[in-house]
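Notes to accompany the following structure.
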Amino acid sequence: MTITSKADIEKLVRLAATAAAEKKATDVVAMYVAETLVVTDYFLIATGSNDRQVHAIADSIEDALREAGVKPRGREGERELKWVLLDYGDFVVHVFQPDERGFYRLEKLWSDAPNLALPAEVANVTAGAPEGDAEEDSRDQQA
């Protein structure tokens, strides 16, 4: 698949978010970071509760996007499985374990970036958000 527009990118980010939710990822958030970050347009951030779940979420996302004709440029974090990063150029997927997500706090670092609305079945997956951020992130997505 050739990505030709912002709408195409957003469709793929939503597909990735749905794939993450299907593997029970929590606190799934998509952020438009293009105005403040030159290396990519979107971040998709999700949490898995342990090594095995982080791996399963990352694999599910990669499989869904491959079926859509998109391959990652890179995949990092495979050894530790505390934070797996999938780089698709126009968007980057971050799958964290809770402690790492709480430590790096990408949502706070890029808090000026607007959130991309996600499908209802994804947006409702907020249980288990790090350190009580689920309620705040839920408000951000609704805004």
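The values are calculated or read from the model by the stated rules, or taken from the named source; none is laboratory data. Note that the coordinates shown come from a computational prediction; the quantities given were computed from them, not determined experimentally. All Cβ positions, even for glycine, are placed from backbone atoms using ideal geometry, and neighbour counts span all protein chains on display.
Structural remarks
- Residue within the stretch 13-25 that is closer than 20 Å to P114 by Cα and in contact with a Phe, Trp or Tyr (Cβ under 8 Å, 6 or more places away or on another chain) present: yes
- Scan of the stretch 10-27 for residues that are more than 13 Å from G48 (Cα to Cα), buried (at least 17 other Cβ atoms within 10 Å of the Cβ) and among the basic types (K, R), ordered by number: R14
- Test: residue in the stretch 32-43 that is over 16 Å from D87 (Cβ atoms), among the aromatic types (F, W, Y) and touching a residue at least 40 places away in the same chain (Cβ under 8 Å): yes
- Hey, R79 basic (K, R), more than 24 Å from P114 (Cβ to Cβ), surrounded by fewer than 17 Cβ atoms within 10 Å (Cβ to Cβ) and modelled with pLDDT of 95 or more or not: no
- Residue among A46, A30, A64, A7 that alone is part of a helix (DSSP H, G or I) and buried (at least 18 other Cβ atoms within 10 Å of the Cβ): A64
- On inspection, R52 qualifies as more than 22 Å from L15 (Cβ to Cβ) and at pLDDT 95 or above.
- Residue in the stretch 45-61 that is on the phi > 0 side of the Ramachandran plot and in contact with a Pro (Cβ under 9 Å, 6 or more places away or on another chain) present: no
- Test: residue in the stretch 58-66 that is hydrophobic (A, V, I, L, M, F, W, C), without any contact (Cβ under 8 Å) to a residue 12 or more places away in the chain and over 25 Å from K108 (Cβ atoms): no
- Filter result (assigned to a loop (DSSP other than H, G, I, E, B) and in contact with a Phe, Trp or Tyr (Cβ under 9 Å, 6 or more places away or on another chain)) within the stretch 95-120: Q97, W110, A113, P114, L116
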